[in-house]
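Q: I'd like to ask some things about the structure below.
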């Protein structure tokens, strides 16, 4: 089969056995829709901040602070997704479709139960949360409703990412791609309509960005559910699968609690970094927020390759083929290095024009440029770190990456950011340098752990 035909098949989607055949082809069939899935999501992140930037530095700062809070929601969603990937991929590799569907249903039920209290807390305490992160009185006044809508709509965020993890684990990455494409396309259309009050849409300002995002993601979830109910899918849910199963639920709690803790440790470190940066004012926060959005645009597609590696690890361990699982990971790491390394070079060279595309505010641009350049220097290391940690998670070993995250982010990154920004001439740039150093450390540590091979014997 030619490369073009393989690419078409990856986008179109078809039933494949990823425990057989050429590893490179399996990676392409899984990774292409995963990369395309995240490309549009990251494009939405860039488009969203482009429109929000027209509302001023306080609006951008509000988005940055709220995203730091929402990072906890993403941590929960990704953590549950890691558990779902490990279990559903393993059952798929064992050729037990009914058990895979039952596990997926239990994951969804657990996800809803976790999302509801987060929504209540976010709606009830939005101004206090903004204040606790160093938001100014103006940010608290103008941004509270934005934060309420974002945190209140976390159920849609959590389900969108969790159900997509189920599809990817089962090898149906094309459906995951379509659902996120649909959600992101709706977000990009609805966001400016609600922000600026185009036509019959009310002019909601900053709050409109949150409303458009929540509606768009809810539409994506509705599409996912319709695909889970199809009789010809890889994962076919029935009402009996939703009946609580204490054994499977405990299995998810055991795997996902460590994975959630792992993600919380990683993502709350961003809150720590924002707190360190907030003392330097809204312009620094705004520059950091824009720079980080552009960086996410580059990193999210790389998660596609990482997720493909995790799926192949889970399915091949289920099929009793650990050597094939390991080969898949090293191949995905190499591909990821080529992609991210090239993007890093472009970001370093063209940081100025990229940041000025979003804003020409002379108080914001220098900080955005510094963030983009300094963080991009570590892209080659990030490429390996993302794939290796995802692969270890995909094998069901969620505690090892948790300990690695604890050391690299909270024991190392946040104190280093504080020290470099306060006790050297770097100022805010010390925070950007700490990000590069910490993620490079994580990559090296993950490579050492992966080579030891203990993950190959992990039971799920």
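The values are calculated or read from the model by the stated rules, or taken from the named source; none is laboratory data. As the structure is a prediction and not an experimental result, all values here were calculated from the model. Cβ sites come from the backbone with ideal geometry, for glycine too, and all protein chains shown count toward neighbours.
Q: Would you pick out the residues in region 421-443 that are loosely packed, with under 14 Cβ neighbours inside 10 Å and under 23 Å from residue 398 (Cβ atoms)?
A: Passing the criteria: none in range.
Q: Continuing with this model, one more query. Keeping to region 315-328, report how many residues are assigned to a helix (DSSP H, G or I) and either at pLDDT below 85 or surrounded by fewer than 24 Cβ atoms within 10 Å (Cβ to Cβ) (or both).
A: 6
Q: Sticking with this structure for a sec: Scan region 196-206 and tell me whether some residue there is in contact with a helix residue (DSSP H, G or I) (Cβ under 9 Å, 6 or more places away or on another chain) and under 28 Å from residue 305 (Cβ atoms).
A: no
Q: Right, something else. Need a quick list: helices (runs of 4 or more DSSP H) entirely within region 106-210 having at least 1 residues that are more than 30 Å from residue 276 (Cα to Cα).
A: Because the criterion is at least 1 residues that are more than 30 Å from residue 276 (Cα to Cα), the helices (runs of 4 or more DSSP H) in region 106-210 that meet it are 154-169, 173-196.
Q: Could you tell me whether residue 130 is more than 14 Å from residue 221 (Cβ to Cβ) and touching a residue at least 40 places away in the same chain (Cβ under 8 Å)?
A: yes
Q: Suppose the filter is surrounded by fewer than 19 Cβ atoms within 10 Å (Cβ to Cβ), assigned to a helix (DSSP H, G or I) and without any contact (Cβ under 8 Å) to a residue 12 or more places away in the chain; does residue 342 pass it?
A: yes
Q: In the list 89, 61, which residue meets the criterion of being modelled with pLDDT of 85 or more and assigned to a helix (DSSP H, G or I)?
A: Every option except 89 fails the conditions.
Q: Output the residue which, of all residues in region 189-200 that are over 30 Å from the mean Cα position of the chain (by Cα) and at negative phi, is surrounded by the fewest Cβ atoms within 10 Å (Cβ to Cβ).
A: That would be 200.
Yes/no matrix, rows are residues, columns are (1) modelled with pLDDT under 85; (2) closer than 18 Å to residue 314 by Cβ:
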position: 96; (1), (2): yes, yes
position: 100; (1), (2): no, yes
position: 104; (1), (2): no, yes
position: 114; (1), (2): no, no
position: 117; (1), (2): no, no
position: 129; (1), (2): yes, no
position: 135; (1), (2): yes, no
position: 143; (1), (2): yes, no
